[in-house]
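What follows is a single structure, written as structure tokens, with notes after it.
The values are calculated or read from the model by the stated rules, or taken from the named source; none is laboratory data. Being a predicted model, the structure only gives us computed values, none of them experimental. A quick note on method: Cβ atoms are made from the backbone with ideal geometry, for glycine too, and the neighbour counts reach across all protein chains shown. Heavy atoms of the whole protein, side chains included, go into the accessibility calculation; ligands, DNA and RNA do not. Shrake-Rupley method; radii C 1.70, N 1.55, O 1.52, S 1.80 Å.
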Amino acid sequence: MDSTTLFFLIITLVAGGLAGAALNTWLQGRKSKKYVSTQEASVLIERIEKVFKVVMAEGYFTEIYNYQNDKNIWNLINDKKKALIIAKAKVLVGYDFSKLKFHRPDGERKLVIDFFPAPEILSIDTDYKFYDIEQGWLNRFHSDDYTAILNEAKQTMNDKAMESDLPRIAGNQVQLMIFQLAASMNWSVEMKLPDGNVAMLREFTHYRTLEAQIDSLDTRKE
């Protein structure tokens, strides 16, 4: 074999090796792309507001909901869908002090409260789990159904929290805080509230027990 033939043989082997490596890299790249997932998220701040809200009571709730929806098809078939939902919530009850109305008499170390707001739910941190989901042939769950169920479950949790003893605890806590804070600065506090405001606050001073029960969210027929 002369030197020219040997030279072309070496060039051919090198070129073949490079082509094979390039092909292998290309194939590996295409194979890996099948398993590559991308995620994008955009966070937009709509607005920022200054608030003066103070948490005075915290409660934890667990509720069990039985959801059932019956769909009557041509008065022949009763197509049913149902689910069991267990909802847990952390509820914070307190006061929005921006709603408080007061004044200070001239020359006196006294705070006169003219209007005292009602306790309110400041936030509900909820967690929902669905169990025993059953669907009919035509009456099936859709995204709107889940949204409606969760909204109604959250409203029920909100109502249960306000029916519980949380508002009374929050009311006692906030009055204790105001009077103790004023006393620490040698101030006095005087309540001069309208009769309607007094009646509203008295309503929240009653002790209320929370009865655990299982309610059906929706038993309507379509």
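Mind telling me which of the residues Met177, Met157 ends up being closer than 28 Å to Arg104 by Cα and in a helix (DSSP H, G or I)? Only one candidate qualifies: Met177. Every condition in (1) modelled with pLDDT under 90; (2) in a strand (DSSP E or B); (3) surrounded by fewer than 16 Cβ atoms within 10 Å (Cβ to Cβ) is met by Val55 except one, and the failing one is (1).
Return the residue satisfying two criteria in turn: it lies in the range 109-130 and is in a loop (DSSP other than H, G, I, E, B) and in contact (Cβ under 8 Å) with a residue 24 or more places away in the chain, and of such residues it is most open to solvent (accessible area, probe 1.4 Å). The selected residue is Arg109. The residue that is nearest to the chain's Cα centre (by Cα), counting only those in the range 166-185 that are of a type outside the set (Gly, Ala, Ser) and surrounded by fewer than 16 Cβ atoms within 10 Å (Cβ to Cβ), is Asn172. Of note, Ile133 does not satisfy the criterion of being at pLDDT 85 or above and open to solvent by 30 Å² or more (accessible area, probe 1.4 Å). Look through Ile133, Ile124 and report the one residue that is under 28 Å from Lys82 (Cα atoms) and in contact with a helix residue (DSSP H, G or I) (Cβ under 7 Å, 6 or more places away or on another chain). Residue meeting the stated conditions: Ile124.
Being surrounded by fewer than 10 Cβ atoms within 10 Å (Cβ to Cβ) and either in contact with a Ser or Thr (Cβ under 6 Å, 6 or more places away or on another chain) or at pLDDT below 85 (or both) is the requirement here; does Lys50 meet it? Yes; evaluated as a whole, the condition is true for this residue.
Output the number of residues of the range 136-165 satisfying the condition of being under 30 Å from Lys53 (Cβ atoms), open to solvent by 60 Å² or more (accessible area, probe 1.4 Å) and not polar (S, T, N, Q). Selection size over the range 136-165: 4. The residues of the range 86-108 that are outside any strand (DSSP E or B) and either of a type in the set (A, V, I, L, M, F, W, C) or within 20 Å of Val198 (Cβ to Cβ) (or both), listed by number, are Phe97, Lys99, Leu100.
Taking residues in the range 182-202 that are closer than 17 Å to Leu111 by Cβ and β-branched (Val, Ile, Thr), and partners anywhere that are open to solvent by 50 Å² or more (accessible area, probe 1.4 Å) and modelled with pLDDT under 90, the pairs with Cβ atoms closer than 6 Å and at least 6 places apart or on different chains are Val189/Phe179.
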